[in-house]
Structure formats: C-alpha cells, structure tokens
C-alpha cells in the first residue's frame, strides 16, 4: 500500500500533524481520502501496484463507503463502477454511514442474546450449581458479548 499511496497527501486529516491514507491488514485494505478525485487516484494506483507483483483485486468484493459528502460520482476500477454501500464490516467491526459504534454494539448484543437462548435450557436446570452456571455464562455468553471490545 505504501508504494501506491506515497505520491502525495491524499488521506484523512486527523489532527494538524497526523494523516491516514488507509488501513490494511493481511489481505484487507481500506483506502481513505478527502475527495472523490483522490480516492479514484488511489484505487487506480493500488490496482497498478498490485498487478506489478501479480496480485489480483476482486472487483466484486471492492466497495465504496462515503461519509459526510455530497459528491456521488462513481468510483471505477478497471472500467467498472464500484458498488456504493451504506455499511460494511472491516476487521470484525461494522462501519455504518454515521461512523459510530451503535451498529457494532447492536450486532454483538444480538449475538449474545442468541448465545443466551442457546444455553437457556441448561441454565434453567435445577441440577447445576450457581458456580457452574456462571462458568457457562462466562464461556458462552460473555465471550461473545465482549469479542472485539477495545479496552
């Protein structure tokens, strides 16, 4: 990514001294830009840099997420328009059009509720001690609820 984004400052300005061009992890990449023109340049540049080392970018999995913009110009990749999405999941976290954590928290609560319902018959059993019930809660429900929580 560094090779494809080092042409200039085209990222998101976090503070007066700090800017981010994108975040990447293994085979996932999220490009960040202030303008539509910059994100188009980055998309083209990443595609070219990837091709030189034999990597193929899956067009069907490539998406555009816009935040706080009135520009609706299409971003293209290899002559095809990329899909605009309201929400996406990156590294296990849900990013929505409001860029808050509400959608992510709701998803983990829903998953925890499902884990709770799966253990309902066990926890209603009169044969289990309170200690055992707490162990079941901590291993099957609490871990789901806290998965991905930042400390």
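Within the bounds of the range 75-83, is there any residue that is part of a strand (DSSP E or B) and within 26 Å of residue 137 (Cα to Cα)?
No, because not a single residue in the range 75-83 is part of a strand (DSSP E or B) and within 26 Å of residue 137 (Cα to Cα).
What do you reckon, is residue 97 closer than 30 Å to residue 37 by Cβ and at pLDDT below 85?
It is true that residue 97 is closer than 30 Å to residue 37 by Cβ and at pLDDT below 85.
The conditions are (1) surrounded by 15 or more Cβ atoms within 10 Å (Cβ to Cβ); (2) at pLDDT 80 or above, and residue 22 fails exactly one of them. Which is it?
Every condition holds for residue 22 apart from (2).
Of the residues 77, 88, which is closer than 15 Å to residue 42 by Cα and surrounded by 12 or more Cβ atoms within 10 Å (Cβ to Cβ)?
From the options 77, 88, the qualifying one is 77.
Search the range 101-124 for residues being surrounded by 12 or more Cβ atoms within 10 Å (Cβ to Cβ) and in a loop (DSSP other than H, G, I, E, B), and hand back the single one that is modelled with the lowest pLDDT.
Looking at the filtered set, the residue picked out is 101.
Please work out if residue 53 is surrounded by 12 or more Cβ atoms within 10 Å (Cβ to Cβ) and either touching a strand residue (DSSP E or B) at 6+ places or on another chain (Cβ under 8 Å) or over 28 Å from residue 104 (Cα atoms) (or both).
no
Quick one: would you say residue 47 is in a helix (DSSP H, G or I), at pLDDT 80 or above and more than 21 Å from the chain's Cα centre (by Cα)?
No.
The values are calculated or read from the model by the stated rules, or taken from the named source; none is laboratory data. For clarity, every value in this text was computed on a predicted model and none was experimentally measured. Note that we place each Cβ from the backbone using ideal geometry, even for glycine, and neighbour counts take in every protein chain shown.
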